[in-house]
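Derivation of every value follows stated rules applied to the coordinates shown; laboratory data play no part. In this text the structure is predicted, and so the values were computed from the model without any measurement. For neighbour counting, all protein chains shown are included, and Cβ atoms are generated from backbone atoms with ideal geometry for every residue, glycine included.
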Amino acid sequence: MNNWLILLLIPIISAFIGWFTNWIAIKMLFHPRQPKRVLFFTIQGIFPKQQLQFAKKLGALVSNELLSFSDIEGAISHPNNLAKITPLVDAHIENFLKNKLAAEMPMIAMFVGEKTLQKLKSVFMEELNGLFPELMKQYAAELKTQLDLEKIVVEKVSGFSSDKLEGILQQIMAKEFRFVEIIGGVLGFVIGLLQVLLTLLTTR
């Protein structure tokens, strides 16, 4: 009876060992936060230890692949995006010609009729529509000299506390971490069953 109980416990114990081993491995991604001396070895969580390297890789990825200034320039100077601000500019120019110009230069406003105002607005809008794309490209170029995306990302990520970094990665990979723990238990259980099977076959 005791032998059968031991055989039944083997898969359960193996499953626990498989789950616990993977759980420990996941914890060691983040812990210990600071280097700890254990006998002749110094141990530290992988992410805390490699946080600066991780920040540099992420910074390079963001600036070169995910959000380059060429993408920003293309977006802000794209005709579809410029068309979205055209009504605002149009309304501003019309308000200027009809109201502000009349307030600042009433003598001129007296001799300028509605058709002339609309003609002036049309000329202004045509000139601005030609100017906007080049203006936005120059703005993007100036922005590039002032902002170093890679440096900003590196400084932000490397400045994260270990708790914050762990929290972010846990949010992103919680399901994956859980799957790794479960698969460890499942594999441990299967290995335990194989051990029981081998034991039964060899004792006959």
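Return the calculated 222 nm mean residue ellipticity for the chain, to the nearest 500 deg cm²/dmol, obtained by summing -39500 (n - 2.57) across DSSP H runs with n ≥ 4 and dividing by the residue count. Could you put the intermediate results ahead of the total?
Values: 10 runs with 159 residues, N = 204.
When only DSSP H runs of four or more count, the value is -26000 deg cm²/dmol.
Around residue 26, under 12 Å between beta carbons, what's the net of Lys plus Arg minus Asp minus Glu among the other residues? Could you put the intermediate results ahead of the total?
Numbers: positive: 27, 178; negative: 166, 176, 181.
Value of the local net charge: -1.
Whole percent per 10 Å bin, from 0 to the bin with the longest distance: what is P(r) over all C-alpha pairs of region 113-204?
With 10 Å bins starting at 0, P(r) equals 12, 14, 14, 14, 13, 12, 9, 6, 4, 2, 1, 0.
Packing-wise, with mean Cβ within 10 Å as the measure, how do 181-194, 27-40, 155-168 rank, highest first?
Numbers: 181-194: 17.0, 27-40: 12.1, 155-168: 14.1.
Put in order of decreasing packing, that is 181-194, 155-168, 27-40.
Taking 0.36 nm per intervening residue step and subtracting the Cα-Cα distance, what contour gain separates residue 148 from residue 169 on full extension? Don't skip to the answer; put the middle values down first.
Values: separation 21, 0.36 × 21 = 7.56 nm, distance 2.49 nm.
Once the chain is fully extended between residue 148 and residue 169, it gains 5.1 nm.
For the chain, what is the relative contact order in percent, using Cα pairs closer than 8 Å and at least 6 residues apart in sequence?
Numbers: 159 pairs, mean separation 93.2, N = 204.
Across the chain, relative contact order equals 46 percent.
Relative to the longest principal axis of the chain, what angle (0 to 90°, nearest 10) does the C-alpha long axis of helix 51-61 take?
40
Can you pull the Rg over Rh of the chain, Cα-only, Kirkwood?
Working: Rg = 33.8 Å, Rh = 24.2 Å.
Using Cα coordinates only, the ratio equals 1.40.
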